[in-house]
Amino acid sequence: MLILGSPAYGFKDHFYGFMPLILGGRGGETSLQCVSGVMPAGLSLSSSGNYITGTPLVCGPTSFTLKVVDGVSSAYQSFMINILA
C-alpha cells in the first residue's frame, strides 16, 4: 500500500483541503492517522479520516507523518505543508 500526494501551500485564515491518494490496499475501507509531527494549527483529519481540512491559523511550514490502515496492511508517508500570510 502507498500514500501519495504533494500538498499545496495554503494561506492563513483561508480554507485548505488536501486528500492524499491511497493505492494498493487489500482490506477494504481505509483511514488515515497522524502518527508523528503536527499538522498546521487549524487543520485536522476529516471525520471520515481520509483528507486534511480546515482553516490554517499560523504561518510557516509544518511536517508530519501519516499512517494509512485498511484492516490488513498499513503504510507511512511524511508530508510538509507551508502556510503563507
Q: For each of Ser46, Ser74, Ser6, count neighbouring Cβ atoms within 10 Å of the residue's Cβ, then give the residues from fewest to most.
A: Ser6, Ser46, Ser74
(Q) Taking 0.36 nm per residue of sequence separation and subtracting the Cα-Cα distance, how much length would be gained by fully extending the chain between Ser47 and Gln33, in nm to one decimal? (A) 3.9 nm
Q: Within the stretch 27-85, report the chymotrypsin sites (Phe, Trp or Tyr not before Pro) that DSSP leaves as loop and that have at most 16 other Cβ atoms within 10 Å.
A: Tyr51
Q) How large is ³J(HN,Hα) for each residue in the stretch 67-83, as worked out from phi by the Karplus curve 6.51 cos²θ - 1.76 cosθ + 1.60 (θ = phi - 60°), to whole Hz, x for Gly and Pro? A) 10, 10, 10, 9, x, 10, 9, 8, 8, 10, 8, 8, 9, 9, 10, 9, 9
Q) According to a simple spin-label model (label point 7 Å from Cα along Cα-to-Cβ), what is the distance in nm between Phe11 and Met80? A) 2.3
Q.
Assuming 0.36 nm per residue, please report the length gained on full extension of the stretch Met19 to Leu2 beyond their Cα-Cα distance.
A. 4.8 nm
Q) Considering only the other residues whose Cβ falls under 15 Å of the Cβ of Val72, what net charge follows from Lys and Arg at +1 and Asp and Glu at -1? A) 0
Q | the stretch 11-30 and the stretch 33-62: distance between their alpha carbon centers, rounded to Å | A | 11
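Computed from the coordinates by the stated procedures, all read-outs in this text should not be read as laboratory data. If you're wondering where the values come from, they're calculated on a predicted model, not measured in any experiment. Methodologically, a virtual Cβ is constructed for each residue, glycine included, from the backbone with ideal geometry; neighbour enumeration extends over all protein chains shown.
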